[in-house]
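In what follows, a single structure is set out as structure tokens and then discussed.
The values are calculated or read from the model by the stated rules, or taken from the named source; none is laboratory data. Everything numeric here is computed off the predicted structure, so don't read it as measured data. Virtual Cβ from ideal backbone geometry, glycine too; neighbours counted across all protein chains shown. In case anyone asks, the SASA skips ligands and DNA or RNA and just uses the protein heavy atoms, side chains included. Shrake-Rupley method; radii C 1.70, N 1.55, O 1.52, S 1.80 Å.
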Amino acid sequence: MVKRMADCGAEEEKGEFGSPQGGERRMIIQPTSLEDPKLNKLKEVLVEWINKTLKAEHIVVRTLEEDLYDGLVFHHLLRRLAGVQLHVEEIALSTDAQIRKLEVILTALNETLEMNEETAKWNVKLIHTRDLLATLHLLVAMARRFQPDLVLPVNVSVEVIQCEVTKSGIKADKQTEFITFQSNSSEALERESNKDCPIDELFKLEAHKIETVKKAILHFVNKNISSLGLNVTDLDKQFADGVILLLLIGQLEGFFIPLCEFFLCPVGSSEMLHNVTLALDLLIDRGLPVQSVDPQDIVSQDVPATVKVLYYLFNRHKNK
């Protein structure tokens with residue numbers, strides 16, 4: 001729901017959690033901006049990104065305005081994207097519980113994003129009161145930090161009314177608020193729009209060039225798992241159950257994964273999915289940008305997904 005200038009005064013008198021208090025500034029999106037195709041495209045991209053990132057956890061977001069205010073989605077995104085484990089209740093039902101949970105989550109997010117709480121364009125109050133502008137600013141910051149290859153619409157801006165409660169009443173000013181990349185340079189805009197993962201670019205090339213890269217990765221894989229008595233001959237299929245991928249990660253990253261943590265001889269797609277999800281979680285914890293890879297794609301023997309994960313491992317360890 002869009003709040004108009006008159007509503008600011010009504011809310012201020014009520015003194016509700018979401019109303020502007022003395023000295024506080026609140027930006028309210030103009031109704032006409034909510035119909036901007038660029039803004040709607042940005043919302044669609046972010047919703048798709050969230051749902052793809054949290055697919056394995058069976059979390060589905062339909063609208064940014066209504067599905068993020070209680071902290072549950074941000075909690076899961078922070079855990080999956082940054083590997084940050086927080087001791088907060090999974091589902092907070094009361095308003096007080098939701099606010100306490102958001103305080104913990106946003107504190108951790110700001111630290112991870114290296115964002116000063118005073119300069120951040122979001123806070124607990126704004127997120128909990130379903131402030132779309134604050135929610136978008138936070139999600140864009142997270143996408144930029146955790147998945148820089150995600151292509152966001154450029155030059156997305158909205159017309160806002162900035163309300164400030166003063167001793168003499170409410171002061172309101174109109175201004176333009178940019179949410180994504182602001183630039184007058186057409187070249188800069190083109191670069192921003194065309195950012196792609198190297199592997200995404202690879203699969204646009206001729207077949208023989210793709211095979212050359214796959215052979216290099218295959219050689220790299222076998223070189224690092226030969227000491228385990230393993231050999232990969234089919235890059236497209238042998239990683240679908242997650243076993244070799246987990247063993248390869250252990251070899252490259254220098255740690256042992258307890259056998260009780262995964263299925264060494266997986267039976268059925270659910271056990272394979274468990275293995276692959278564990279592998280991707282480990283890679284995310286180690287700082288590899290594989291958040292966009294859906295574990296189910298690897299189980300389903302999706303070649304680009306499998307090669308993307310192996311490419312990032314190859315790129316990190318090829319000179320070691």
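Of note:
- Against the test of being more than 19 Å from the chain's Cα centre (by Cα) and crowded, with 17+ Cβ neighbours inside 10 Å, the options Lys121, Lys125 yield a single qualifying residue, Lys125.
- Taking segment 61-76 as the range and being open to solvent by 10 Å² or more (accessible area, probe 1.4 Å), touching a residue at least 24 places away in the same chain (Cβ under 8 Å) and farther than 14 Å from Ile91 by Cβ as the test, the residues that pass are Glu65, Glu66.
- With respect to the conditions (1) at pLDDT 90 or above; (2) open to solvent by 30 Å² or more (accessible area, probe 1.4 Å), Asp131 lacks only one, and its number is (2).
- Residue check for Arg26: open to solvent by less than 40 Å² (accessible area, probe 1.4 Å) and not aliphatic (A, V, I, L, M): yes
The rows are residues; the columns are (1) farther than 26 Å from Arg79 by Cα; (2) among the small types (Gly, Ala, Ser); (3) open to solvent by 50 Å² or more (accessible area, probe 1.4 Å).
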residue: Ala216; (1), (2), (3): yes, yes, no
residue: Ser227; (1), (2), (3): yes, yes, yes
residue: Ile249; (1), (2), (3): no, no, no
residue: Asp294; (1), (2), (3): no, no, no
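- Within segment 270-292, the set of residues being among the hydroxyl-bearing types (Ser, Thr, Tyr) and open to solvent by 40 Å² or more (accessible area, probe 1.4 Å) comprises just one member, Ser270.
- Residue pairs whose Cβ atoms lie under 8 Å apart, sitting 6 or more positions apart in sequence or on different chains, and linking a residue in segment 32-60 that is among the acidic types (Asp, Glu) to a partner that is open to solvent by less than 100 Å² (accessible area, probe 1.4 Å) and outside any loop (DSSP other than H, G, I, E, B), are Asp36/Val158; Glu57/His76; Glu57/Arg80.
- Residue satisfying all of: in segment 271-295; outside any loop (DSSP other than H, G, I, E, B) and in contact (Cβ under 8 Å) with a residue 40 or more places away in the chain; farthest from Ile257 (Cα to Cα) among these: Pro295
- Counting only helices (runs of 4 or more DSSP H) that sit wholly inside segment 4-113, those with at least 3 residues that are at pLDDT 85 or above and among the aliphatic types (A, V, I, L, M) are 37-53, 72-82, 95-112.
- Screening Val309 against (1) over 20 Å from the mean Cα position of the chain (by Cα); (2) touching a residue at least 24 places away in the same chain (Cβ under 8 Å) leaves a single unmet condition, (1).
- Segment 102-111 - residue that is open to solvent by 30 Å² or more (accessible area, probe 1.4 Å) and not charged (D, E, K, R) and, of those, nearest to Cys163 (Cα to Cα): Thr107
Per-residue answers, yes or no, for (1) touching a strand residue (DSSP E or B) at 6+ places or on another chain (Cβ under 7 Å); (2) modelled with pLDDT under 90; (3) closer than 19 Å to Asp149 by Cβ:
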| residue | (1), (2), (3) |
| --- | --- |
| Lys195 | no, yes, yes |
| Pro198 | no, yes, yes |
| Leu202 | no, yes, yes |
| His208 | no, yes, no |
| Val213 | no, yes, yes |
| Leu230 | no, no, no |
| Ala240 | no, no, no |
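- For segment 296-320, the set of residues classified as at pLDDT 90 or above, open to solvent by less than 40 Å² (accessible area, probe 1.4 Å) and either in a loop (DSSP other than H, G, I, E, B) or of a type outside the set (A, V, I, L, M, F, W, C) (or both) consists of Thr306 only.
- Only a single criterion out of (1) open to solvent by 60 Å² or more (accessible area, probe 1.4 Å); (2) under 19 Å from the mean Cα position of the chain (by Cα) is not satisfied by Arg80, namely (1).
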